[in-house]
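Here's the structure, in structure tokens; my notes come after.
The values are calculated or read from the model by the stated rules, or taken from the named source; none is laboratory data. Since the structure is predicted, the reported quantities are computational estimates derived from the model, not experimental observations. For neighbour counting, all protein chains shown are included, and Cβ atoms are generated from backbone atoms with ideal geometry for every residue, glycine included.
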Amino acid sequence: MRDDNAIARFRWLPPGLRPPVDPVLGPMRWRQERVFLLVGMAALFAGYDMNVFGLAVPQIQASFHIPENQVALTVANFRLAALAALLIAASADIVGRRRLLLVTIMGQAIATLATAATGTYEQFVWAQFFTRVFSYAEEMLCFVVIAEEVAAGARGWASGTLSAMDYFGAGLAALVFAAVNLLPFGWRALYVIGAVPLFAVAYLRRSLPETRRFAARKQVTALSGRAAQAWALLRDLLRQHPARLAALLAAVGGFGFAMGPASVLASKYLQSVHHYTPGQVTALLIPGGLMGLAMAITAGRFSDRWGRRPVTAVVIAIAGGGFFLFYSASGLWLAPLWVLGFFGFFSGQALLAGFALEIVPTRYRATVSGLRYLVEILTGALALALEGYFYDRFGGHGPAIRILLASIPLSLLAILFLPEPAGKSLEEMAPESI
């Protein structure tokens, strides 16, 4: 077996996209690369699963006779799963990251497979609800593990690369979607294809170690009732870091509200408004996605060099502007605007996730990651519910989504009140209180 202290090579990434060398700790080690692969592969297949519905909306809509003004509301119902996911993710601050990640990956695999077998709209919604309970918790915890394992000089790169792997999974979903009308059982086959690799990742993840920061924290924490610990964590968090938490959740809420409908309904918009075929959607998404993937990793590296706050603000502005123009344009402009919108969406999501983990101590990290994700998902759900109203009011998805993008300035303003974590150790940003 390879020595955990051997220098990591990251040969699965092109040379220009590999991690920077930390000026203090030097190059990353094999242990860090192994952890990154074990959580990153799950992020990749989660990106696949979470994007199937958005791609195959017309086909699923036809199977279950979903009215046009109820499409976005259906996704809003899925997103209520974030409430249960928060409870799972927050418990990782008590029982550990590794144990919860073994549960979430298996739960996601089983629920994804169950989605393919649903026979009614209600069954489909419930299957996707449980898929997202585990998937949302999985994503929250993946960012926690990466933040705790990666050195200060590469945390931005790590967040960007993890997001890019999620992005790559969305690209795989688009590639398979091109054959949706040829596959046996149509859109149901897309979920089966997504579930099988998750079982394989769950098996491989048995070797995932607990993060060293959590293990060290656990050694100095007295064991008491878990419910009491959870309440104490939340109480202490609100008392010790109220300003940071408020600014973070405002930034995330404005971003999530704007991006919910814009990101989910892009494929639906191309097929329904611009009459794209599944193959044409794939022809746009694959090359555009590869460009966005490289840009997302690059944005993460820039945030390590130039600062998390300015880079996050820029990519969020790009997301808002790109999607606003995408839902206004036609013809050849659709492709570059889609790339800009989704690059900003994935990069902004990753950098905000990094903020949530860098500005609080280890004992709160999974809890804050869960709160960040809960706010992003639920504000997006609210926007998706409102999208149906604006669809009826203005007669189309394009104008409805453009109105909902108006929350982007709130996110940009809130970022100004966040501390700058780039280049600082986690302990320097938020010392532990024993």
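What to note about this one:
- Any hit, the stretch 410-423, residues being buried (at least 18 other Cβ atoms within 10 Å of the Cβ), under 11 Å from PHE257 (Cβ atoms) and of a type outside the set (A, V, I, L, M, F, W, C): yes
- Condition broken by LEU113, with the remaining ones in (1) surrounded by fewer than 20 Cβ atoms within 10 Å (Cβ to Cβ); (2) within 21 Å of the chain's Cα centre (by Cα); (3) under 22 Å from LEU290 (Cα atoms); (4) not acidic (Asp, Glu) satisfied: (3)
- Check on VAL252, at pLDDT below 90, within 27 Å of THR74 (Cα to Cα) and among the β-branched types (Val, Ile, Thr): no
- Of the criteria (1) within 24 Å of the chain's Cα centre (by Cα); (2) at pLDDT 85 or above; (3) surrounded by 14 or more Cβ atoms within 10 Å (Cβ to Cβ), which one PRO209 fails: (2)
- Selection status of ALA62, within 23 Å of the chain's Cα centre (by Cα) and of a type in the set (A, V, I, L, M): no
- The set of residues from the stretch 175-210 being in a helix (DSSP H, G or I) and of a type in the set (Gly, Ala, Ser) comprises ALA189, GLY194, ALA195, ALA200, ALA202, SER207.
- Taking residues in the stretch 377-390 that are buried (at least 21 other Cβ atoms within 10 Å of the Cβ), and partners anywhere that are polar (S, T, N, Q) and assigned to a helix (DSSP H, G or I), the pairs with Cβ atoms closer than 6 Å and at least 6 places apart or on different chains are GLY388/ASN69.
- Residues in the stretch 311-335 that are without any contact (Cβ under 8 Å) to a residue 40 or more places away in the chain and either surrounded by fewer than 16 Cβ atoms within 10 Å (Cβ to Cβ) or of a type outside the set (A, V, I, L, M) (or both): GLY321, GLY322, GLY331, LEU332, TRP333.
- Residue in the stretch 293-310 that is touching a Leu at 6+ places or on another chain (Cβ under 8 Å), surrounded by fewer than 24 Cβ atoms within 10 Å (Cβ to Cβ), modelled with pLDDT under 80 and among the aliphatic types (A, V, I, L, M) present: yes
- Helices (runs of 4 or more DSSP H) completely within the stretch 16-128 that count 1 or more residues being of a type in the set (S, T, N, Q): 30-55, 57-64, 71-79, 97-116
- For the stretch 416-425, the criterion of a residue being out of contact with any His (no Cβ under 7 Å at 6 or more places or on another chain) and part of a helix (DSSP H, G or I) is satisfied by no position.
- Check on ARG402, over 23 Å from ARG309 (Cβ atoms), at pLDDT below 90 and either part of a helix (DSSP H, G or I) or in contact with a helix residue (DSSP H, G or I) (Cβ under 7 Å, 6 or more places away or on another chain) (or both): no
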